[in-house]
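To start, the structure under review is shown below, and the notes come after it.
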Amino acid sequence: MLHRRSSFLIACIATISTLVATPSMASAEVAPDTAQSALLDQTTVRNVIGGIAIKLREDYVFPDMGMRAADVLEKALGENAYAGVTDPAQFALQLTEQLRAITNDSHMRVIFGSPFRNQPPPAMPEDAGFEVKRLDGNIGYIHLARFVPPEVFNPAADDAMRSLLDTAALIIDMRNNGGGHPASVAYLASFFLDPGKPVHINDLIWRNPGTSTFRTESFWSSRTPVSYLGKPVYVLVGPKTYSAGEEFAYDLQALKRATVVGEKTRGGANPGGLNDLGSDLFVVVPTGRAENPITRSNWGGVGVHPDVQATPEATQETAMALAMGQLVTPMPR
């Protein structure tokens, strides 16, 4: 049950990110195709604040911070900080900004309009999202926009890695990867690790609801049909790299199995699920956090810092130059 529950939570947050993440925070908290709603009244405002406060106190992965954030919202309500707010989209934006300012947690958000409205019933994706090429100098290239569930992801990863097994080096482009399933992250990382022994890749620490106790879900390397060993691997990242996309770069960097190239990533490491507050308003309160077994930390709030800095325009070219030996490759951290 643990694995199924955590998989569902992470699938929810990945889907939410795909549906609502845009460059503008204002539009990021409004789900697409949202019908025009009635103006907010103060009873609804109080109910929404009360619902969020309960989730923060009972479920947020950082209990003390959850208590503090709930107190701040309730104090603001008591001081009539929301008295003039009648637009539900603006209310969602205001609450999101407040919660993120308090927690420094980019997974925390309030959404107006269900992200799943007018969407077909959830189905297993048919496309794992791999784009595979051979570049000059026999350099392999994989662009991956998401980590879909393992049932679809693993066979596609097998095919991609088989096709590039004889390349001299490999570039994995995570610059547009918005997240997904942690088991798929662990599987892709497994191609670059010694198949003779299991490697501990990452943990998710989940809060038991309504308590200050936690449980751990661990992710380890697994057997893959081929291995990509003894050759350089470069992971491209940037400001759009998020959540599970960040984890892949962070994990291989910590294992000293890849050189990370590009710009600092966004910094989201705390998965959670979607909670209905009524009145077409929803909140995501993270119930888990990542913990790398090597660093005993994660990239939350700080992002993944590249080993080699490069502008967005020059990221792939920089990795190519490193792979071709035109630059001195630094040791990954």
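Nothing in this text is a laboratory measurement; each read-out follows from the coordinates by a stated rule. Every value quoted in this text rests on a predicted model; they were computed, and no experiment measured them. Counting neighbours? That spans all protein chains shown, and the Cβs are built from the backbone with ideal geometry, glycine included.
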Open item on the list: Using each residue's phi in the stretch 64-74, evaluate 6.51 cos²θ - 1.76 cosθ + 1.60 at θ = phi - 60° and report the 3J(HN,Hα) Karplus result to the nearest Hz, with x for Gly and Pro.
Closed with: 4, 5, x, 4, 5, 5, 5, 4, 4, 5, 5
Task: Linear extension gain, residue 305 paired with residue 97, 0.36 nm per residue minus alpha-carbon span - done: 72.4 nm
Task: Under 5 Å, built H, 5+ apart or other chain: amide partners of residue 267 - done: 243, 303, 304
TODO: Order by neighbour count: 166, 203, fewest other Cβ atoms within 10 Å first, most last.
DONE: 166, 203
Open item on the list: Run the simple label-point estimate for residue 321 and residue 197 please: 7 Å along Cα→C-beta, distance reported in nm.
Closed with: 3.7 nm
Open item on the list: If neighbour count is taken as other Cβ atoms inside 10 Å, put 174, 320, 161 in order from fewest to most.
Closed with: 320, 161, 174
Task: Positive-pole candidate from 143, 89, 110, dipole of the stretch 59-177, charges at beta carbon - done: 89
Open item on the list: Please list 3J(HN,Hα) in residue order for the stretch 277-290, calculated via the Karplus relation 6.51 cos²θ - 1.76 cosθ + 1.60 where θ = phi - 60°; whole Hz, with x for glycine and proline.
Closed with: 9, x, 6, 6, 10, 9, 10, 9, 10, x, 10, x, 9, 7
- [ ] Provide the net charge surrounding residue 138, with neighbours chosen by a C-beta distance below 12 Å and charges set as Lys +1, Arg +1, Asp -1, Glu -1.
- [x] +1
Open item on the list: Can you tell me the length gained on complete extension of the stretch residue 159 to residue 297, counting 0.36 nm per residue apart and subtracting the Cα distance?
Closed with: 46.4 nm
TODO: State which entries of 133/197; 55/240; 55/75 exceed 23 angstrom in Cα-Cα distance in the structure shown.
DONE: 133/197; 55/240
Task: 3J(HN,Hα) from dihedral phi, the stretch 291-297, Karplus parametrisation 6.51/-1.76/1.60, rounded to Hz, x for glycine, proline - done: 9, 6, x, 8, 7, 6, 8
- [ ] Can you figure out the FRET efficiency of residue 38 with residue 67, using R₀ = 30 Å and their beta-carbon distance, to the nearest 0.05?
- [x] 0.40
